[in-house]
1. Which of the residues belonging to the range 235-257 are surrounded by fewer than 20 Cβ atoms within 10 Å (Cβ to Cβ) and either farther than 24 Å from residue 148 by Cα or at pLDDT below 95 (or both)?
2. Filter the range 160-193 for residues that are surrounded by fewer than 20 Cβ atoms within 10 Å (Cβ to Cβ) and either at pLDDT 95 or above or assigned to a strand (DSSP E or B) (or both) and give the result.
3. Quick one: would you say residue 408 is outside the structural domain of residue 251 (by TED's automatic domain parsing) and at pLDDT below 95?
4. Go through the range 106-131 and count every residue that is modelled with pLDDT under 95, buried (at least 23 other Cβ atoms within 10 Å of the Cβ) and either at positive phi or in a loop (DSSP other than H, G, I, E, B) (or both).
5. Right, residue 330: in contact with a helix residue (DSSP H, G or I) (Cβ under 7 Å, 6 or more places away or on another chain), surrounded by fewer than 21 Cβ atoms within 10 Å (Cβ to Cβ), at pLDDT 95 or above and under 15 Å from residue 272 (Cβ atoms) or not?
6. I'd like to check something: does the range 150-158 contain any residue that is without any contact (Cβ under 8 Å) to a residue 24 or more places away in the chain, more than 19 Å from residue 67 (Cα to Cα) and not in a strand (DSSP E or B)?
7. If residue 56 satisfies all but one of (1) surrounded by fewer than 20 Cβ atoms within 10 Å (Cβ to Cβ); (2) at pLDDT below 80; (3) touching a helix residue (DSSP H, G or I) at 6+ places or on another chain (Cβ under 9 Å), what's the number of the condition it fails?
8. Restricting to the range 132-156, and then to whatever is touching a helix residue (DSSP H, G or I) at 6+ places or on another chain (Cβ under 8 Å) and farther than 23 Å from residue 85 by Cβ, can you tell me which residue is surrounded by the fewest Cβ atoms within 10 Å (Cβ to Cβ)?
């Protein structure tokens, strides 16, 4: 179903709710059995009856978003406003909650419910969840309730959620997902039965889109089985945390000049690697995995302060979960925690995609890198004595590795 058809469908439901009707976006029996709508909440005391009648969600994202007093929250596809109101309670008078919806009728319904509730720390925005009308780094948490599955450009939704979140911000949504063998006919019938008119993502695809957008610590927990592989789920993820004025995000081709300049500056010290000249961008990308590449950037200028990237250790399938990484920080940005933030984000992201061992080689003279890696769980495996020469001098290399306790459980 096209975007405008989805908007019109929910606009019709909003208009019905404004007349006092109880609305559902799937069969009434399935709506009740599947714990959709207000049945998914346990803290609705004091909410306007209109907000409860208009609730069409498949869970309670507010309960898992870990909202705190004073925070700013964005609800993607805010509907009748129930999650906005619950969030407004959590963040308190000094917090702020934005409700975003593409339907003007839904916004009219939500504003009426908020006015009845007397909430003053709320603002509604008219727009698409694929193009959020908020600036970068505007919110501490993004929530959503059974809406992302309706989008026909889910990658854009994830990218926008990442963009508007501040470093360390949280993504916590309830949504519909699919799992198990895919029978397209039965899957489509099940999705239509529970109202997923634009199609749900598989668990694997949902995770992949979040990781590609830059999120780490991705968890997807199935909460209700609606048959034929269709489930309600709680999805959580985090935008990597880093110091003030910085952001960690996936590396882009547009970062090439900055990344290679930092690489060269590291090589010029004589203690970062055996190479003396940084490769071309084509050579850089060819030797590294297309994922697990991150940069720390200045949020004002876009300048890269540091980067980290992974390379495969072998093409053999048995080593699919083993990677080697490189990490470099701009000389003027060292000793500010950037390397630690990059490596921490990288470790979490590697576990998200099933990497069980991360390894690296470090010159013994590079004490700062050695200390950083050992502080984040790398162990010294051994010393490769006089393994190579740099400018005619034989150098030892310390081999370190970190074995995941998450992937290897």
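The values are calculated or read from the model by the stated rules, or taken from the named source; none is laboratory data. Because the structure is predicted, anything quoted here is derived from the model rather than measured. A quick note on method: Cβ atoms are made from the backbone with ideal geometry, for glycine too, and the neighbour counts reach across all protein chains shown.
1. 241, 243, 244, 245, 252, 253, 254, 256, 257
2. Of everything in the range 160-193, those that are surrounded by fewer than 20 Cβ atoms within 10 Å (Cβ to Cβ) and either at pLDDT 95 or above or assigned to a strand (DSSP E or B) (or both) turn out to be 163, 166, 168.
3. Answer is yes for this residue.
4. Adding up the residues that qualify gives 0.
5. Judged against the criteria, residue 330 is a match.
6. yes
7. Single failed check for residue 56: (1).
8. 135
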